[in-house]
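Undergrad: Shown below is the structure under consideration.
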Amino acid sequence: PAPVKRSLGFLLASIALWFIGYNGVTTWFTTYVSEVMGQGLGGASTCLLIATAGAIVSYIPVGQIASKIGRKKTILGGVVMLATAFGVAAFLNAESPTMLMNAMFCLAGIGWATINVNSFPMVVEMCSGSDVGRYTGFYYTASMAAQVITPMFSGFLMDKVGMTVLFPYAAIFVAGAFVTMLFVRHGDSRPIAVMGLEALDMDD
């Protein structure tokens with residue numbers, strides 16, 4: 001139906017936008033740390049490792065949260081966390097505490113997990129069982145296209161404007177995903193609480 005197609009379009013746009021923001025950072029962060037933060041490869045590796053660790057410990061809890069409040073609200077919360085982390089990181093420099101950058105990457109990892117655990121299920125929730133493969137293709141087309149575009153586009157901006165544009169670039173695109181997600185009306189699955197005698201029904 002047309003309303004579902006609109007929701008799918010906005011969801012795919014959101015997927016592309018947050019992948020553009022996040023992968024722009026992960027692509028150029030080693031160079032950024034060296035030239036802006038005055039740190040070596042070890043500092044960049046530590047931040048990215050912290051982001052990965054934050055994501056890993058969050059995968060199961062954010063799935064449980066989504067089952068209670070819904071996928072859309074959970075994703076919007078993750079987008080806010082990711083945009084906030086990148087927005088704060090934009091103001092950090094060589095004199096900033098290393099722990100603050102690490103904390104922002106931990107927050108980014110948690111936000112990224114919150115987004116990714118719930119976005120793909122929202123896509124396939126909009127289709128019938130026979131179309132799961134096609135809708136999976138839609139998801140990966142949006143995400144992979146973004147990952148192809150963002151290294152070139154962000155690299156171009158850094159050449160023209162300077163390295164410090166990296167985090168504002170990421171924060172703006174992730175914030176854009178928040179806006180497009182507001183228009184997604186389908187794909188959110190919330191369990192219906194079973195009460196009374198129905199709770200005793202054990203039929204398969």
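The values are calculated or read from the model by the stated rules, or taken from the named source; none is laboratory data. Keep in mind that this is a model prediction, so the values were computed, not measured. Cβ: placed from backbone, ideal geometry, glycine included. Neighbour counts: every protein chain shown. Surface areas here come from the heavy atoms of the whole protein model, side chains and all, with no ligands, DNA or RNA. Shrake-Rupley method; radii C 1.70, N 1.55, O 1.52, S 1.80 Å.
Undergrad: How many percent of Cα pairs in the chain exceed 23 Å?
TA: Everything past 23 Å amounts to 48 percent.
Undergrad: In nm, what is the difference between 0.36 nm times the number of residues separating Lys5 and Val57 and their Cα-Cα distance?
TA: Result: 15.4 nm gained on full extension.
Undergrad: Taking the solvent-accessible surface of protein heavy atoms with a 1.4 Å probe, what is the per residue accessible area of the chain in Å²?
TA: Ligands and nucleic acids excluded, the figure is 52 Å² per residue.
Undergrad: Just want the answer: with Cβ charges of +1 for Lys and Arg and -1 for Asp and Glu, which residue in Thr141, Phe29, Val184 is farthest toward the dipole's positive end in the chain?
TA: Highest projection toward the positive end goes to Val184.
Undergrad: For Asp159, Asp131, write out the residues from largest to smallest accessible area, computed with a 1.4 angstrom probe and no ligands counted.
TA: Of Asp159, Asp131, the descending order of accessible area is Asp159, Asp131.
Undergrad: If you don't mind, there's one more thing I want to ask. Keeping all protein chains in place and using 1.4 angstrom, which order do Ile172, Ile15, Ile50 fall into by accessible surface area, from largest down?
TA: Largest accessible area first, the residues go Ile172, Ile50, Ile15.
Undergrad: Quote the relative contact order of the chain in percent (integer), defining contacts as alpha-carbon pairs under 8 Å separated by 6+ residues.
TA: Once normalised by length, the contact order is 41 percent.
Undergrad: Please list, by residue number, every one of the chymotrypsin sites (Phe, Trp or Tyr not before Pro) in the stretch 36-97 that is coil in DSSP and has at most 15 other beta-carbon atoms within 10 Å.
TA: Those satisfying the criteria are Phe91.
Undergrad: Taking only Cα atoms, what is the 0 to 90° angle, nearest 10, from helix 98-125's long axis to the longest principal axis of the chain?
TA: 30
Undergrad: Given a 1.4 angstrom probe, I'd like the percentage of the accessible area of the stretch 1-96 that is carbon and sulfur, rounded to a whole number.
TA: So the carbon and sulfur contribution to the accessible surface is 68 percent.
Undergrad: Give me the number: length gained by fully extending Val161 to Tyr140, i.e. 0.36 nm times residue separation minus the C-alpha to C-alpha distance, one decimal in nm.
TA: Using 0.36 nm per residue and subtracting the Cα-Cα distance, I get 4.5 nm.
Undergrad: Quick check: the angle from helix 71-89's long axis to the longest principal axis of the chain, C-alpha only, nearest 10 degrees?
TA: Once rounded, one gets 10 degrees.
Undergrad: Under 18 Å from a label point 7 Å along Cα→Cβ of Ser130: give me every residue in the stretch 1-41 with its amide N that close.
TA: 1
Undergrad: Also, quick follow-up: Mind grabbing the base-10 log of I(q)/I(0) for the stretch 79-162 at q = 0.13, 0.16, 0.19, 0.22 Å⁻¹? Debye formula, identical points on the C-alpha positions, no solvent, two decimal places.
TA: -0.62, -0.84, -1.00, -1.10
Undergrad: Taking all protein chains in place and a 1.4 Å probe, what share, in percent, of the accessible surface of the stretch 127-183 do carbon and sulfur account for?
TA: 73
Undergrad: Restricting to DSSP H runs of at least four residues, report the calculated mean residue ellipticity at 222 nm for the chain, -39500 (n - 2.57) per run over all residues, nearest 500 deg cm²/dmol.
TA: Rounded to the nearest 500, it is -26500 deg cm²/dmol.
Undergrad: On C-alpha positions alone, give me the angle between the axis of helix 41-69 and the longest principal axis of the chain, in degrees, nearest 10.
TA: Tilt of helix 41-69: around 20 degrees.
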